[in-house]
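For reference, the structure is listed below as structure tokens.
The values are calculated or read from the model by the stated rules, or taken from the named source; none is laboratory data. Predicted model only: the values in this text are computed from it and were never measured. Cβ coordinates were reconstructed from backbone atoms using ideal geometry, including for glycine residues, and neighbour counts include every protein chain displayed. Heavy atoms of the whole protein, side chains included, go into the accessibility calculation; ligands, DNA and RNA do not. Shrake-Rupley method; radii C 1.70, N 1.55, O 1.52, S 1.80 Å.
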Amino acid sequence: MAIATTNPATGEVVATFDELAAEELEDKLARAAAAAASYRLTDVEDRAGWLRSAADRLEADTDKVAVMIVAEMGKTYRSAQDEVAKCVRGLRFYAEHGPGFLRDVNGDGESVGARSTFVTYQPIGAVLAVMPWNLPLWQAMRFAAPALMAGNVGLLKHASNVPRCALYLEELFREAGFPEDVFQTLLISSGKVEQVLRDPRVAAATLTGSEPAGRSVASIAGDEIKKVVLELGGSDPFIVMPSTDLERATDVAVKARTLNNGQSCINGKRFFVHADAADAFIEKFVAKMGALVVGDPMDENTDVGPLATESGRQDVEDYVQDAVDKGATVLVGGERPDGPGWYYPPTVLVGITPEMRMYHEEVFGPVAQVFVVSSLEEALREANGHPYGLGSNLWSEDEAERELFVRDVQSGMAFINGNTTSYPEIPFGGVKRSGYGRELADLGMHEFMNAKTVWVGE
Ligand code: NAP
């Protein structure tokens, strides 16, 4: 895939970038190794100060960066501003709490015959981050902020369609005062990831993206015995029980499926509605999905912009066509509009069966599948029958139902009466084919640290 900025609203190629030549890549890896050797010994309060400075700079750049995000991947300007604000919050969160997460944890020395014993968290070196385009700043930031706070060095291989966002991040950290080469962007194709990951100067990797990319990186990391964190796909269940406020639940259902133009791993994608609430839910949901404004992502009245790539839109169309061919019914949407740009309307389908591809896979666009169920147990059986297990959502006022949901749902995150969202303050991640490991909070920071046990005798 060429490294280029192509505006999804017009299809116009705005800028192209050369991939790093072999000697340039070698130079960057050598610089990363040199930076890692000294950066790991820097004072944690200095690191926190650089993170604060990055937050202030990014906040001041909000509008400029939001325009850049819109031009590279097509989300609405409002949503791009929110993404920048979340990155600022993440940087400030790790500046404030990172030093606490890095404190030694004392153990019971006496029971192991020591004067003292403790665990001390130490950086591991250069970490490669292979990142997707859908939240081009936030996905990279939730790796970068904890990694830099931890004393690790970052190497970012971003998706090939967001090179400007990738280069901006390198510049941001440099200008914020981080030592030279502590965070570098590698403009390389996915075919070069193996070489970088096998390089002995690279200690570990984190990948956010599709299942095939995750499988490839995990098997290389396994072969090299290097730590890897995987944040892969999702087809999150959104379960609606009769006790809930359907006005609120449908407002959030619409947001859940169309946020980021329907291209988020944690979008609610499969809606399981109890039969007693089904007619009312479907009527409201379809009306609200159909009322969304699809159009120019820079227009403040737009709710849903274009999909990020032409091939991405084709994939969405193919999923819908496959379902319709096999008997599904489209209640709203389902037809691409004429004209330039990779637009696709909010779409609701019923009558989805296991013969259809979307039943088992992930549709990365604003397409909702609605299923009517007769009990929470049936909803959970269906939800858990999917190969993915990223986020999950329950709408219910019933305590027993909430408890059953939390205990039984097979997902890394369970949200009740609220939309699944990532926050710097709480861990994020999945189970099953959605990947393993955690990002954010203290867990995300400790993933790429050596929890070193220290035993001190008399
Ligand atoms: P993708 O094709 O897997 O690309 C993601 C990144 O991996 C890009 O940098 C890509 O580089 C690289 N890549 C692709 N194939 C690779 C391979 N074989 N070896 C090494 N690197 C490879 O995914 P996408 O289509 O951009 O993103 C959508 C997917 O990401 C969805 O499945 C979504 O659910 C998932 N996602 C998950 C999370 C989460 O936190 N769980 C968050 C966001 C998105 P190139 O661009 O150069 O191909």
Problem - C-alpha long axis of helix 163-175 to longest principal axis of the chain, angle in ° - result: 40
Handout entry: Dimensionless Rg ratio for the stretch 61-116, taking C-alpha atoms and the 2.2 N^0.38 Å reference
Key = 2.08
Exercise for the section: Quantify, in whole percent, the carbon and sulfur part of the accessible surface of the stretch 1-154 (1.4 Å probe; protein heavy atoms only). Expected result: 50
Exercise for the section: Mind checking the per residue accessible area of the stretch 236-423 for me, 1.4 Å probe, whole number of Å²? Expected result: 40
Exercise for the section: Straight distance only, please: which lysines reach the Cα of residue 432 with their own Cα at less than 23 Å, same-chain residues fewer than 8 apart left out? Expected result: 226, 227, 269
Problem - Inter-label distance for residue 111 and residue 426, nm, one decimal - labels placed 7 Å from Cα along Cα-to-Cβ - result: 3.1
Exercise for the section: Work out how much length residue 245 to residue 408 would gain on full extension: take 0.36 nm times their residue separation and subtract the Cα-Cα distance, in nm to one decimal. Expected result: 56.4 nm
Fill in the blank from the handout: Excluding ligands, DNA and RNA, the carbon-plus-sulfur percentage of the accessible area of the stretch 236-423 with a 1.4 Å probe reads 47
Handout entry: Gained length - residue 442 relative to residue 353, 0.36 nm times residue gap less alpha-carbon distance
Key = 28.0 nm
Practice task
Would you grab the residues whose amide H sits under 5 Å from the one on residue 326? Only those 5+ places off in sequence or on another chain, please, with H modelled 1.01 Å from N.
Solution key: none
Practice task
Please list, in chain and number order, the residues 5+ apart from residue 431 or on another chain whose amide H is under 5 Å from its amide H, with Hs placed from the backbone.
Solution key: 389, 390, 412
Handout entry: Diffusion coefficient, µm² s⁻¹, Stokes-Einstein with Kirkwood Rh over alpha-carbon pairs of the stretch 236-423 at 10 °C and 1.306 mPa s
Key = 96
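Between residue 398 and residue 37, what length in nm is gained on full extension when 0.36 nm per residue of separation is reduced by their alpha carbon distance?
124.5 nm
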Completion exercise
XL table 255/326; 255/284; 157/192; Cα-Cα > 18 Å flagged, in table order, is 255/326
Problem - Label point at residue 287 placed 7 Å out along Cα→Cβ; residues across the stretch 240-261 whose backbone nitrogen lies under 20 Å - result: 240-258
Practice task
Could you state the angle between the C-alpha long axis of helix 62-73 and the longest principal axis of the C-alpha atoms of the chain, as a value from 0 to 90 degrees rounded to the nearest 10?
Solution key: 60
Fill in the blank from the handout: Mean separation of Cα contacts under 8 Å (at least 6 apart) over the residue count of the chain, i.e. the relative contact order in percent, is 19
Handout entry: R0 of 60 Å, Cβ-Cβ distance residue 45-residue 195: FRET efficiency to nearest 0.05
Key = 0.95
Problem - With Cα atoms, 0 to 90° folded angle of helix 138-150 axis to the chain main axis - result: 20
Fill in the blank from the handout: With label points set 7 Å from each Cα along the Cα-to-Cβ direction at residue 301 and residue 453, the distance between them in nm comes to 6.6
Problem - Whole-Hz couplings from phi, Karplus 6.51/-1.76/1.60, listed for the stretch 441-458; x for Gly and Pro - result: 6, 6, 4, x, 6, 6, 4, 10, 9, 8, 7, 7, 7, 10, 10, 10, x, 5
